[in-house]
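Each value in this text was obtained by applying a stated rule to the coordinates, not by laboratory testing. Being a predicted model, the structure only gives us computed values, none of them experimental. So basically every Cβ, Gly included, is an ideal-geometry build from the backbone, and we count neighbours across all protein chains shown.
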Amino acid sequence: MQKTFWLKFSVFNFLIVAVLGVIMRYKIMFSLPFVDQKHLQEAHSHFAFYGWITNALYVLIVIYLGKINASINLKKYQGLIIVNLVASFAMLFSFIYGGYFWGSIAASTAALLCSFIFFYFFLRDSSKISDSSKIWFLAGLFFAVISSVGVFSLGYMKISGLVSRDYFLAAEYYYLHFQYNGFFIFSCIGLLLFSLKEINAPIDERQNKLLFWLSFFGCLVGYGLSVLWMKIPVAIFTVIVIAAIAQTVGAFMLLKFVRKNWINLVLKWSPMQRFVLLFAALAFAVKIILQLGSTIPVVNQFAFGFRNVVIAYLHLVLLMCIATFIINQILATNFFIISKSLLLGLKLLLLGIFLNEFTLGLMGVFSIKYISIPFANLFLLVFSVLMMVSIFILFINMKEKKLL
């Protein structure tokens with residue numbers, strides 16, 4: 001499998017996501033009558049999920065399989081990666097064209113079915129593997145599969161016209177929860193643990209299982225945190241709170257484990273790699289704290305009652321935590337030359353992401369009192385351009401290392 005090609009293709013797709021983000025930010029401030037903002041938003045989110053994040057995770061998981069067991073035939077995974085990319089680009093153009101309709105739904109269904117098959121193949125091939133990261137990848141792919149219930153529900157409501165606001169939001173948050181907190185986060189933890197194992201810092205099996213089951217239970221039941229605005233019985237609410245606490249304990253166990261093995265990272269990783277890991281870890285810690293805080297009814301009402309807060313939270317997880325971690329993992333494969341130009345692109349990307357998140361966070365906080373920040377949308381447009389340019393610099397400077 002052409003690993004460097006597919007990894008670089010993932011970054012190219014990240015660039016497309018950034019371009020769409022710039023167009024969306026531009027349209028908020030200026031006239032762009034031939035573009036439907038709602039359709040563009042749907043294309044942006046779906047392509048970010050499947051064309052960028054999912055594709056990158058698929059490739060990194062396949063690289064993991066090749067490292068852990070060279071006897072596994074990886075050709076079938078390349079076929080699935082191609083199918084996922086075709087479906088992703090079909091979603092990109094169909095959503096821009098008409099939003100939710102038979103074409104975009106068919107493309108979404110193809111990508112979901114691809115995730116089912118990928119899960120089946122990984123489940124079968126991983127039976128030959130005994131490694132601490134395996135259960136994290138299995139759980140991540142499992143959550144990707146069950147997240148499809150949300151997508152199918154949304155598609156059915158759109159086509160049938162039987163749209164209830166509460167059920168629509170519940171289905172949307174169901175999909176987002178099991179993608180963000182399930183597939184994406186669990187896969188990233190699997191990659192992190194394997195990276196630590198490669199630098200002689202493996203996690204103890206007992207500790208790994210405890211960390212995993214706390215996180216798994218927290219994620220599975222934690223969907224309830226997204227629908228606390230619905231009338232939920234006290235007993236179920238109690239279980240949801242316990243799940244949030246379990247996930248918080250698991251998250252800080254992971255952070256403590258990384259901190260314990262920091263000396264290994266200092267010896268094996270470059271200063272920039274360690275900085276990016278800290279950058280993503282900060283976002284992850286803030287996410288966990290906010291998640292636990294959302295069990296307080298007043299805080300939950302605030303979080304889901306203001307659009308700016310929701311947008312800030314989603315960007316915190318997807319951009320500041322997951323996207324930066326994946327970029328770090330791609331560069332840590334050691335397949336590419338780490339040049340000064342590439343590092344410049346990475347630094348500018350981190351700056352753009354931080355400024356974007358900081359501004360969105362301020363907008364969310366000030367929206368409580370219905371106060372608007374002057375020129376906020378202009379700043380967000382500038383920061384989105386900065387991110388787009390930085391990803392472009394990254395992409396054009398990803399030169400493959402020549403084997404001696």
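Observations
- Annotation: lysines with alpha-carbon distance below 23 angstrom to LYS197 (same-chain offsets under eight excluded): LYS3, LYS67, LYS128, LYS134, LYS209, LYS256, LYS260, LYS268.
- In summary, the convex hull built on the alpha carbon positions of segment 1-88 has an orientation-averaged projected area of 5.9 nm².
- For SER339 and LEU282, the FRET efficiency from 1/(1 + (r/R0)^6), where r spans their Cβ atoms and R0 equals 25 Å, is about 0.40.
- In this Cβ point-charge picture (+1 for Lys and Arg, -1 for Asp and Glu), segment 269-404 has a dipole of about 280 debye about its Cα centre.
- Qualifying lysines (Cα of each under 22 Å from Cα of LYS158; at least 8 residues distant if same chain): LYS38
- Against the empirical curve 2.2 N^0.38 Å, the C-alpha radius of gyration of segment 269-404 lands at a ratio of 1.21.
- In segment 269-404, lysine pairs with alpha-carbon atoms under 21 angstrom apart (chain gap of 8 or more, or interchain): 4
- Reported label for calculated Kirkwood radius over Cα pairs in Å given (1) 23.9; (2) 21.8; (3) 23.0: (2)
- Rounded to the nearest 20 debye, dipole of the chain from Cβ charges on Lys, Arg, Asp, Glu: 780 debye
- Spin-label model, ILE117 to ILE263: label points 7 Å out along the Cα-to-beta-carbon direction sit 4.9 nm apart.
- The residues packed around PHE194, meaning those with a beta-carbon under 14 Å from its beta-carbon, carry a net charge of +2 if Lys and Arg are +1 and Asp and Glu are -1.
- Peptides ranked, highest mean first, by Cβ atoms within 10 Å: ranges 124-133, 24-33: 124-133, 24-33
- Taking amide H positions as modeled 1.01 Å from N, with prolines and chain starts lacking one, the residues under 5 Å from PHE336 and 5 or more places away or on another chain are LYS401.
- The gain in end-to-end length when the MET272 to GLN2 segment is fully stretched comes to 94.6 nm, 0.36 nm per residue minus the alpha carbon separation.
- Put in line by how crowded their Cβ is, counting other Cβ atoms within 10 Å and starting with the fewest, SER367, SER104, SER147 read SER367, SER147, SER104.
- Taking other C-beta atoms within 10 angstrom as a stand-in for reagent exposure, SER390, SER45, SER341 fall in the order SER341, SER45, SER390, fewest first.
- Listed residues LEU348, ILE296, ALA283: farthest to the positive end of the dipole of segment 269-404 (Cβ charges): LEU348
- Distance between the modelled labels on TYR97 and ILE311, one decimal in nanometres: 2.8 nm (7 Å Cα→Cβ projection).
- Normalised by the number of residues in the chain, the mean separation of alpha-carbon contacts (under 8 Å, six or more apart) gives a relative contact order of 17 percent.
- Computed extension gain for ASP204 through ILE232, at 0.36 nm per residue and net of the alpha carbon distance, reaches 6.3 nm.
- Calculated [222 nm] ellipticity per residue, helices only, for the chain: -25000 deg cm²/dmol; basis is -39500 (n - 2.57) per DSSP H run with n ≥ 4, divided by all residues, nearest 500.
- Label-point separation, TRP213 to SER71 (7 Å along Cα→Cβ), nm: 3.1 nm
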